[in-house]
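Okay, structure first, notes after.
The values are calculated or read from the model by the stated rules, or taken from the named source; none is laboratory data. For clarity, every value in this text was computed on a predicted model and none was experimentally measured. Cβ atoms come from the backbone with ideal geometry, glycine included; neighbour counts cover every protein chain shown. All accessible areas refer to the heavy atoms of the entire protein, side chains included, with ligands and DNA or RNA removed. Shrake-Rupley method; radii C 1.70, N 1.55, O 1.52, S 1.80 Å.
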Amino acid sequence: MKSLRFLLPVVLMSLSTMAYAQTDAQKSFDKLKTLAGSWEGHVTTAPPTPEIEGKVMQVSLRVTSMGNVLMHEMKASGRPDDPITMMYLDENRLLLTHYCDAGNRPRMTGKLSADGKVVEFEFLDVAGSTQYGHMHHAMFTAVDENHHTEDWTFMVGDKPVRAHVDLQRTK
């Protein structure tokens, strides 16, 4: 009986420690949620893409669904496109689904860098036609609480078009 009284607190402490241990996916998601707010910045592309090069981008990041989803919305000045991206945890994975203006929905898996500043998403799969291309890679870099960058790679066939957006917090 004495050993049971000693063992019970040890078991309860180890269970509570496991309950509070964060997975890498949770750490990545928590890092992204710190970017919630309104942002603005200019986009550069490689190769240069005249219809978007140098445009002002407005980005909104909003935590929704009781903290379970981060919604990303991006608009370029003078352009009708308005892609929506949802980031969320799926068990022990951080997933991104991009609702693309090209009419498809690529999914990517995300990981936090060792220094804790970059969340990088790698292509997983895509639903819908890739006739007009698809988003293939995304990277979010937290510079400080009022500055972050986003790098997006769009594939047109086997040719990548890279966009870099340097964003400052507006709200």
Potential lengthening between Ser77 and Asp30 on full extension [0.36 nm per residue; Cα-Cα distance subtracted]: 14.0 nm
Filter the cross-link list Lys27/Lys75; Lys117/Lys159; Lys55/Lys111; Lys31/Lys171 down to pairs whose alpha-carbon distance in this structure exceeds 25 Å. Lys27/Lys75; Lys117/Lys159; Lys55/Lys111
Under 5 Å between amide hydrogens, which residues at least 5 positions from Gly133 or on another chain qualify, with H placed 1.01 Å from N in the peptide plane? Gly157
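What is the magnitude of the charge dipole of region 17-75 about its Cα centre, with +1 placed on the Cβ of each Lys and Arg, -1 on the Cβ of each Asp and Glu, and no other charges, expressed in debye to the nearest 20? Could the numbers behind the result be given before it?
Values: 6 positive and 6 negative charges, 38 e Å.
The calculated dipole for region 17-75 is roughly 180 debye.
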Asserting the computed 222 nm helical MRE of the chain (DSSP H runs at least 4 long, -39500 (n - 2.57) per run, divided by residue count, to nearest 500) equals -5500 deg cm²/dmol
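With +1 assigned to the C-beta of every Lys and Arg and -1 to the C-beta of every Asp and Glu, and no other charges, what is the dipole magnitude of region 53-111 about the Cα centre in debye, to the nearest 20?
Values: 8 positive and 7 negative charges, 19 e Å.
Magnitude of the dipole: close to 100 debye.
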Counting only protein heavy atoms and rolling a 1.4 Å probe, one gets per residue an accessible area for region 48-99 in Å² of 53 Å²
Accessible area of Ser129, 1.4 Å probe, to the nearest 10 Å²? 60 Å²
Full extension from Glu122 to Thr170: what is 0.36 nm times the residue separation minus their Cα-Cα distance, to one decimal in nm? 14.4 nm
Give a quick list of trypsin sites (Lys or Arg not before Pro) in region 36-120 that DSSP marks as loop, anything other than H, G, I, E or B, with at most 14 other Cβ atoms within 10 Å. Lys117
With a cut-off of 15 Å, note down the residues of region 35-49 whose backbone N falls inside the zone around a label point 7 Å from the Cα of Val143 toward its beta carbon. 39-44
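Ignoring any ligand, DNA or RNA, what whole percent of the accessible area of the chain comes from carbon and sulfur when the probe is 1.4 angstrom? Let's see the in-between values first.
Working: 5910 of 10090 Å².
Summing carbon and sulfur atoms, their accessible area is 59 percent of the total for the chain.
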Which label belongs to the value computed from this structure, given these candidates for log10 I(q)/I(0) by the Debye sum over Cα atoms at q = 0.11, 0.13, 0.14, 0.16 Å⁻¹: (1) -0.50, -0.65, -0.74, -0.94; (2) -0.40, -0.56, -0.65, -0.84; (3) -0.56, -0.74, -0.83, -0.98? (1)
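Which value, in debye to the nearest 20, gives the size of the charge dipole of the chain about its Cα centre, when Lys and Arg are +1 and Asp and Glu are -1 at the Cβ?
Numbers: 18 positive and 21 negative charges, 147 e Å.
That gives a dipole near 700 debye.
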Cβ-based charge dipole, the chain, positive-most Cα from Thr153, Leu112, Thr49: Leu112
